Ligand code: GLN
């Protein structure tokens, strides 16, 4: 691809602005996606953090659910962060009874996995493909409880956040083909390197 790719950010709910800013700093055209026509114009898509149950319901209401599934099945690169990771998961633990996902990522995620005391925490993580650690911000984050054979584990929790001893070693970043997902918020804090990995995948696709 020679011209700058267009990368959409799912914008029916969630922390859209930070992703648009980070993508913009990487020299791609970053646009909000609320309607199927807007998705059709994108070479890649970010599913931001937010509230996964609300985001899924709105995706159905606005006619985006089936187009999203179709584009992901066709290999459109997608980056899901936090709630976005939940939306991409084929299986959800601790979801609401009627919670649906877009799917495409052969993992089981646990919503709000880190527990009440550790609702939000930050730590530096080694992430496969990046030379230096990333500063990872977790906000009521999910973790990946189980990952299928095609899923590459990119990062795990390295030190226990308060009152969540169970957290060390949990998977918090994965890739399966052109689907990339993180439990944390790489759009927070001005480090564009995770988005950079994603933009590279879009340019290759
Ligand atoms: N707990 C939220 C959910 O289940 C995700 C939180 C986030 O995206 N920061 O959707």
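Potential lengthening of the chain between residue 37 and residue 93 amounts to 16.9 nm, from the contour at 0.36 nm per residue minus the alpha-carbon distance.
Taking other C-beta atoms within 10 angstrom as a stand-in for reagent exposure, 79, 12, 26 fall in the order 26, 12, 79, fewest first. The C-alpha atoms of the chain define a longest principal axis, and helix 52-61 lies at about 20 degrees to it. As a rough guide to protection, the peptides 97-107, 49-59 ranked by mean Cβ packing within 10 Å, highest first, stand as 49-59, 97-107. Using the Cα coordinates of segment 92-153, the gyration tensor eigenvalues translate into equivalent-ellipsoid semi-axes of 23, 19, 8 Å, sorted from longest to shortest. Taking a cut-off of 33 Å, what percent of all Cα-Cα pairs in the chain are separated by more than that? So the pairs more than 33 Å apart make up 7 percent of the total in the chain.
With contacts taken as Cα pairs under 8 Å at a separation of at least 6 residues, segment 1-62 carries a relative contact order of 44 percent. When only alpha carbons are used to place a centre, segment 1-41 and segment 70-148 end up 20 Å from one another. For the peptides 126-134, 31-39, the ranking by mean Cβ contacts within 10 Å, running from highest to lowest, is 31-39, 126-134. Full extension of the chain between residue 119 and residue 166 gives 15.6 nm of extra length, using 0.36 nm per residue less the Cα-Cα distance. Counting only DSSP H runs of at least 4 residues, each contributing -39500 (n - 2.57), and dividing by the residue count of the chain, the helix-based mean residue ellipticity at 222 nm comes to -7000 deg cm²/dmol.
Every number in this text was worked out from the coordinates using simple rules, so none of it is lab data. Everything quoted here is computed from the prediction, not taken from an experiment. Here Cβ is always computed from backbone atoms with ideal geometry, including for glycine, and neighbour counts include all displayed protein chains.
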